[in-house]
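These notes are about the structure you will find just below.
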Amino acid sequence: MRRLALVSIMLLTACSAGPAPSEVVPRSGPAPQPAGASTVTAAPSSSASPAPSCDATASLRPGPLPPAGQMPAGSNMERILKRGRLIAGVDQNSYLMGFRNSFTGEIEGFDVDVVRQIAKAIFGDEKKVQFKVVTSAERIPMLQSGEVDLVVRTMTITCERLERVDFSSVYYQAGQRVLVRRNSGNTSVDSLKDKRVCVASGSTSLGNVINRVKTTVSVPNWTDCLVMLQQGQTDAISTDDTILAGLAAQDPYTEVVGGRFTEEPYGVGIPKGQEDLVRFVNGVLERMRSDGSWSGIYWRWLSTLGPAPAPPVARYRD
Amino acid sequence: MVIDSQPRQALVRRVTGLARSTPGRLSLIVVVLVLASLASGWLSTWSVNRQERALEDLATRSEPLSHAAQEVYRALQDADATAASAFLSGGLEPPALRERYEADIAQAQAALSVATASSPDLTATLSAQLPVYTGLIETARTNNRQGFPVGAAYLREASGLMRTQLLPSAQELYRAETDRVAGAQDEAGFPWAPVLVALAFVIALVLTQRYLTRKTNRLLNVGLLVATGAAVLSLLWVTTVSVLVMNDVADSRKASKTVDVLAQARIATLTARGDETLTLVARGAGQAYEKSFVEVSERLEGQLDQAKRLANTEAVDQAMRHFRQWQQVHQRIRGADDAGQYNDAVALIDNPYFDSLDKDLVRAIGEARQDFSDEVAVARASLAGTVVGVLVLAVISAAGSTMGLWQRLKEYR
């Protein structure tokens, strides 16, 4: 009798087994990435073809600088003077070189001060500038279309670019290095063979690293690379030490490691064929080297890179 | 179950036998009329009930849900535009903009929880990505406060997430909810089946009356007369009420179309505002935003014209006027920015016309929603009492035909 009761209880409980308890399953979406981020599989076609050889950093010898406000008739400088403002392509995302001061809303930095020196030489007033923000990839198209008078935006002088635009003499000598998370164990570009590296699209840095690392990711701006590094979507950022110093200054958990593995001579980009403007800008740069204003600008922005080196010596081909 | 064929054949024989004699035929007619009366009454009640449910759904579920979905979209869009303008202002963000952003996020969240109750699948992306978005905005803000340009990069990433994932999901949700409103409006359409059945029942009653007149040489049968009257009354009642409801529902469709157009206009307004701001944030690299501004403004103008045709109200007129003033200021902003007077352009963007336009649209949407609600309420009111009335009339019809024929049947005893 008791056994019967036991069996019937067992049967009953077996029959009344409910469904498995429900579970809450989160919907996981893809992690956000900077707009326009993409993986680069091959170097841009222009740099894949054998680079034309030339003496890239040799520019045009400047004559004496005309006094401010009195530009030679018919010159490109006079055209700018008559317009009343210099239109300059700069960056607003490269801390220390060209960036937007979020307190004042003004664009500032090493490159921006170079622009102001040029404006001062034309107008006698360094404020007569209209800044146009350009991405790395937009620099040459903007010069070719004439939307900007010149570009001062961490732009490396290369033979390949010289076929499409003109450059001033070298105003800063940078070199490519890598930025990694502190204590990540990556010590130079050679330790990144099986890693992901972020670069800005249209920069010379891209061609310099693409064959030395496993994966290259490109984004529109250098700060987008820092976003990816902070979000753990890239292991390193590789570009000129000037830009990396600006990125490192925004994140104490990063450090610039390894030596320079390229030479990146910066020049002021000028539309092809405007020889008078090239000579004029070179004159302004000569003055900056000799009157100490170059060193003043260096100290203002780039002192984190070490004591001021001597300004790069200008070389001319004529 | 196996049906025994013996009793069934017997039943058929009894019924056919009955039909051969006049009293038998009369009894059969009573049964058929009573059943027909109850069937017709039941069918009408069912269809009126269905209309009532559809109208109730419109008033209490579909329309509020579609409004919630529209609010999700609007609040998200505005949050993104506001975050961009707060960034543009330089220095510490103005408290008013920060408050507006926070209010938008709170509103989006509240509207989202309303929508989630009914469409959990459609809101999954929104629920999952909204916290990610606000996280990115806060990271942007923290960096911006320290003067780091990487803040702008986080802002761009957040905006990209908004434009590629959150807003398309919100759009999809809104479409689904407006489709549901249209579905409920279709449900409240004209009830053909019950009206045709009721008409057939009236004809059957008239034919019965004629049959009795021929058989008994009495002109009228009072019972049948009452039954016919009740049936005709029921038919007229259901038809009239249905026509009234259809009319109101058609008006409510127009109101919901107006709400839809105005809601689209409001979203276009906010999109254009975001584009206008981001053009300045991009500092000369914002041609894509300006192009979008021009396109969206054209669309907005078309939507305002359409809204004016649908509902020519004072709020819509005001919206038109503020839209034109805003466009004029925009030309001046572009002029200043293109001429290198960036600070002048930034100062001009702080004008009252955008806010006025948005307020006009809110008012116009409120009015159109009230119209919708009124139409649905009128439709629901006209259905009031119909179910009970139709049922009572069906019972009267059944009783009337039974009594009328019973008198005749008694004469054969």
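The values are calculated or read from the model by the stated rules, or taken from the named source; none is laboratory data. These numbers were taken from a predicted model, which means no experiment stands behind them. Quick reminder, even Gly has a Cβ in these numbers, built from the backbone with ideal geometry, and neighbours come from all protein chains shown.
Kindly provide the set of residues from region B:202-240 that are among the aromatic types (Phe, Trp, Tyr) and within 30 Å of B:Glu56 (Cα to Cα), ordered by number.
B:Trp237
Could you go through region A:110-127 and let me know if any residue there is more than 10 Å from chain B (Cβ to nearest Cβ), under 20 Å from the mean Cα position of the chain (by Cα) and acidic (Asp, Glu).
Within region A:110-127, one or more residues are more than 10 Å from chain B (Cβ to nearest Cβ), under 20 Å from the mean Cα position of the chain (by Cα) and acidic (Asp, Glu).
Mind telling me which of the residues B:Arg175, B:Arg180, B:Arg156 ends up being out of contact with any strand residue (DSSP E or B) (no Cβ under 9 Å at 6 or more places or on another chain), away from chain A (no Cβ under 14 Å) and without any contact (Cβ under 8 Å) to a residue 12 or more places away in the chain?
B:Arg175
List every residue pair whose Cβ atoms sit under 8 Å apart, with the two residues 6 or more apart in sequence or on different chains, where the first one lies in region A:131-158 and is within 14 Å of another protein chain (Cβ to nearest Cβ) and under 17 Å from B:Asp338 (Cα atoms) and the second, anywhere, is surrounded by fewer than 21 Cβ atoms within 10 Å (Cβ to Cβ) and of a type in the set (Phe, Trp, Tyr).
Close Cβ pairs (under 8 Å, with a partner that is surrounded by fewer than 21 Cβ atoms within 10 Å (Cβ to Cβ) and of a type in the set (Phe, Trp, Tyr)) amount to A:Phe131/B:Tyr342.
Kindly evaluate A:Arg300 against the criterion of being part of a helix (DSSP H, G or I), of a type in the set (Lys, Arg) and within 19 Å of A:Leu96 (Cα to Cα).
yes
May I ask you to list pairs of residues, at least six apart or on different chains, whose Cβ atoms are under 6 Å apart, with the first in region A:34-52 being over 13 Å from A:Thr215 (Cα atoms) and not assigned by TED's automatic domain parsing to the domain that holds A:Arg212 and the second being in a loop (DSSP other than H, G, I, E, B) and at pLDDT 80 or above?
That search, which allows pairs on different chains as well, returns A:Gly36/A:Pro220.
Can you pull out every residue in region A:19-55 that is of a type in the set (S, T, N, Q) and either at pLDDT 85 or above or part of a loop (DSSP other than H, G, I, E, B) (or both)?
Hits for region A:19-55 are A:Ser22, A:Ser28, A:Gln33, A:Ser38, A:Thr39, A:Thr41, A:Ser49, A:Ser53.
Check region A:241-249 and report whether any residue there is of a type in the set (Asp, Glu) and closer than 23 Å to A:Ala119 by Cα.
no
B:Gly286 is checked against (1) in contact with a helix residue (DSSP H, G or I) (Cβ under 8 Å, 6 or more places away or on another chain); (2) away from every other protein chain (no Cβ under 14 Å); (3) within 20 Å of B:Met162 (Cα to Cα) and fails just one. What number does that condition carry?
(2)
Can you tell me which residue is farthest from A:Val115 (Cα to Cα) among those in region A:267-318 that are basic (Lys, Arg) and assigned by TED's automatic domain parsing to the domain that holds A:Leu86?
Here the residue is A:Lys272.
Considering only region A:303-315, I want to know if a residue exists there that is crowded, with 19+ Cβ neighbours inside 10 Å and either modelled with pLDDT under 90 or of a type in the set (A, V, I, L, M) (or both).
No.
For residues that are without any contact (Cβ under 8 Å) to a residue 12 or more places away in the chain and charged (D, E, K, R), scanning just region A:93-124, find the one that is nearest to B:Asp338 (Cα to Cα).
Out of the qualifying residues, it is A:Glu106.
Take the residues of region B:138-150 that are within 16 Å of A:Gln33 (Cα to Cα) and crowded, with 23+ Cβ neighbours inside 10 Å: which is nearest to the other protein chains (Cβ to nearest Cβ)?
Top of the filtered list is B:Val150.
Just give me the residues in region B:343-395 being within 14 Å of chain A (Cβ to nearest Cβ) and touching a residue at least 40 places away in the same chain (Cβ under 8 Å), in sequence order.
Within region B:343-395, B:Ala345, B:Val346, B:Ile349 meet the criteria.
Going by what's in this entry, would B:Gly340 be described as more than 37 Å from the chain's Cα centre (by Cα), under 27 Å from A:Gly105 (Cα atoms), outside any helix (DSSP H, G or I) and free of Cβ contacts under 8 Å to residues at least 24 places away in the same chain?
For B:Gly340, the condition - more than 37 Å from the chain's Cα centre (by Cα), under 27 Å from A:Gly105 (Cα atoms), outside any helix (DSSP H, G or I) and free of Cβ contacts under 8 Å to residues at least 24 places away in the same chain - is met.
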